1. Hey, could you check segment 2-44 for residues that are assigned to a loop (DSSP other than H, G, I, E, B) and among the aliphatic types (A, V, I, L, M) and say which is farthest from V91 (Cα to Cα)?
2. For residues that are among the polar types (S, T, N, Q) and surrounded by 12 or more Cβ atoms within 10 Å (Cβ to Cβ), scanning just segment 20-48, find the one that is farthest from the chain's Cα centre (by Cα).
3. One residue is enough: does segment 140-150 have a residue meeting the conditions more than 36 Å from the chain's Cα centre (by Cα), hydrophobic (A, V, I, L, M, F, W, C) and at pLDDT below 85?
4. Checking the conditions here, which among A57, A17, A97 is more than 20 Å from the chain's Cα centre (by Cα), surrounded by 12 or more Cβ atoms within 10 Å (Cβ to Cβ) and not hydroxyl-bearing (S, T, Y)?
5. Given E47, E56, E62, which one is within 30 Å of R126 (Cβ to Cβ) and part of a helix (DSSP H, G or I)?
6. Mind checking whether some residue in segment 38-46 is touching a residue at least 40 places away in the same chain (Cβ under 8 Å) and closer than 30 Å to Q16 by Cβ?
7. What tally of residues in segment 103-113 results from selecting those that are touching a residue at least 24 places away in the same chain (Cβ under 8 Å) and exposed (fewer than 15 other Cβ atoms within 10 Å of the Cβ)?
8. Condition check: part of a helix (DSSP H, G or I), out of contact with any His (no Cβ under 9 Å at 6 or more places or on another chain) and either surrounded by 15 or more Cβ atoms within 10 Å (Cβ to Cβ) or at pLDDT 90 or above (or both). Does A77 satisfy that?
Amino acid sequence: MDDVVTVAKRDMARRQADELELALLEPDLTGRAKATVERKLTAAQTEANILDSQIEARQRLEAELWHDLWATPQAAAWERLGWTREVAQYVRWKVQAELGDLDASKEARQLGDRLGLTPLAMLRLRWEIAPDEVAEQRQERSSRSRPRTARERLKVVDPGAAASG
């Protein structure tokens, strides 16, 4: 979901640009008045483009963070507890903080603590990350089934055993 305020500002800038483009079509608009309208039109278009870029950047950062968070061990607890909206709220605040909003940084820090995203927060929640034994076994099997290197395929031959055998 996009930031409502930023979307509203972008839409206002677009509307203003549309109105200014219509004003430029007026035949009696000349000289300084026309130059003023053209300057305002450029400013409105620039503002709309900047806000579009901010919205796209925020969407991309939120998607990346959302993906990263759900890959953490804490995600199992969030899923079990039904904390998806809390995680979503954290994502929104955290991205705003990363984009320079100090107040958002404070909110993100508090939510991060509640979600168990730091060692101290995990301790307070009495959460421990258990080793993933299934993944360890899978890795052991894959390392055994991988092709052996030339060095691993070499056998040590005892010349004395070969002569007596």
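The values are calculated or read from the model by the stated rules, or taken from the named source; none is laboratory data. Note that the structure is predicted; figures quoted are calculated from it, not measured. In this analysis, Cβ positions are derived from the backbone assuming ideal geometry, glycine residues included, and neighbour counts consider all displayed protein chains.
1. L29
2. The qualifying residue farthest from the chain's Cα centre (by Cα) is T36.
3. yes
4. Only one candidate passes the filter, namely A17.
5. Selected residue: E62, the only one of E47, E56, E62 that is within 30 Å of R126 (Cβ to Cβ) and part of a helix (DSSP H, G or I).
6. no
7. So the answer is 0.
8. Criteria met by A77.
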